[in-house]
1. Quick one: compute the contact order of segment 49-141, relative version, from alpha carbon pairs under 8 angstrom and 6+ residues apart, as a percent.
2. Would you work out which of L199, T161, F181 lies farthest towards the positive end of the dipole of segment 111-231? Charges go on Cβ: Lys and Arg +1, Asp and Glu -1.
3. Kindly flag which residue pairs out of K178/K228; K64/K149; K247/K267; K64/K167; K64/K267 have an alpha-carbon separation exceeding 19 Å in this structure.
4. Explain nothing, just the number: relative contact order of segment 111-231, from Cα pairs under 8 Å at least 6 residues apart, as a whole percent.
5. When a footprinting reagent is the concern and you count Cβ atoms within 10 Å, what order do C321, C265 take, fewest first?
6. Tabulate in residue order the Karplus-calculated ³J(HN,Hα) for segment 247-253, using 6.51 cos²θ - 1.76 cosθ + 1.60 with θ = phi - 60°, rounded to whole Hz; enter x for Gly and Pro.
7. For segment 234-315, go through all pairs of different Cα atoms, get the mean of 1/r, take its inverse, and jot down that Kirkwood value in Å.
8. Explain nothing, just compute: Karplus ³J(HN,Hα) = 6.51 cos²θ - 1.76 cosθ + 1.60, θ = phi - 60°, for every residue of segment 70-78 in order, whole Hz, x for Gly and Pro.
Amino acid sequence: MTQTTAMTAQALAIQQFALLDDIDCDARIVAARQKLGTRCVVLGHHYQRDEVFRHADFIGDSLKLSRMAAQSDAEYIVFCGVHFMAEVSDILSRPDQTAILPDLAAGCSMADMADLANVERCWRELSQVLDVEQTVTPVTYINSAADLKAFCGQHNGIVCTSSNAQKVLEWSFARREKVLFFPDQHLGRNTGYRMGIPLDDMVVWDFSKPMGGLSEEQISKARIILWKGFCSVHQMFRPEHIDDFLKRYPKTIVIAHPEASFEVCQKANYIGSTEYILKTVREAEPNTRWLVATELNLVNRLNREVKHQGKEVHFMSPTICMCSTMFRTDPQHLLWVLENLVEGHVVNRIRVPETEARYAKLALNNMLNVV
Ligand code: CIZ
Ligand code: SF4
């Protein structure tokens, strides 16, 4: 029996935790955290549910959290978020730190829309029309697997987040005339348009079709080639939701995440990342009403937080649409990883292979040097 198998056999099984109720979990999470002390840090992404979020030492967007964890002394980084976030945490943290994702099934449907095989095929097909290495910068949204970040690192490319996408595109255009942007077409389009790039100069690469479904002329003319990916949560927001709300409350201020569609962002007063949305609403005049296009847990918490200032924060969609993968991290899984750590077992470690991590770090560092 290998050492890993032996450790797995001794580890506490998730089945023992699955039926616990949230209140029992809550008390046991607090107790486990006390036992682990500063050896363990718990990170909570803005989209996490309240029962998990309340246990976080640090809260923030994916990049802010990874940077905070890397600066901490903690041996264990428990990332309450989704898979690509724990990968970034592993890449940016020190070798003596261990990144852990409480539920391995917490992926990101948008990140899954671009995989290395398809991106490499796209790169090969583009090279039939363009001198790709000289003319195209690959830019990956942080919501992507580590091997795609490594692809960017190997091809003089860069990572971006929704907070720094414009600066990253400026960096890219200062080096090469075109950008291949994946996986989120909306972040690419909304950012490009705000920088003055006409919609006609941005084409969508449909990865299910040869040559992305584009003609040679379209590819040669394009400035941004947008991967046909999207976030299933943010695509639920529709421009008619804004129109209907404004009919009822005409003075509402609309703020949208750039993963929302172009039509929604065009109707918004402000566009920005989760950190930007929080800051803008927190710093706004009292007694203002906000309509927000981003994940429901963040919107509900923000509403509770600013209520006493007379502000009202509303979720844009009339139907409930939460991020189902963010929702997977429940108190039961958090407790399971923490009690295993108390017992000396690391479960659900996220470890990016060394070479991949080295190239991915190049692309992440390109971004960190820009912003
Ligand atoms: O980078 C993040 O944390 C995500 C997914 C969204 C945002 O706008 O912060
Ligand atoms: Fe991915 Fe969308 Fe969920 Fe964010 S909200 S983790 S982009 S599926």
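1. Details: 78 pairs, mean separation 19.6, N = 93.
Relative contact order, segment 49-141: 21 percent.
2. It is T161, whose Cα lies furthest towards the positive end.
3. From K178/K228; K64/K149; K247/K267; K64/K167; K64/K267, over 19 Å: K64/K267.
4. Details: 204 pairs, mean separation 34.2, N = 121.
Computed value for segment 111-231: 28 percent relative contact order.
5. Numbers: C321 17, C265 25.
By the 10 Å Cβ count, ascending, the order reads C321, C265.
6. 5, 7, 10, x, 8, 4, 9
7. Numbers: mean 1/r = 0.0803 Å⁻¹.
Computed over segment 234-315, the radius equals 12.4 Å.
8. Working through the residues one at a time gives 5, 7, 7, 8, 4, 7, 10, 10, 9 Hz.
Any read-out appearing in this document is the output of simple, stated calculations on the displayed coordinates, not a laboratory observation. Nothing here was measured: the structure is a model prediction, and the numbers come from that model. Neighbour counts are summed over all protein chains in view; Cβ atoms, including those assigned to glycine, are modelled from backbone coordinates with ideal geometry.
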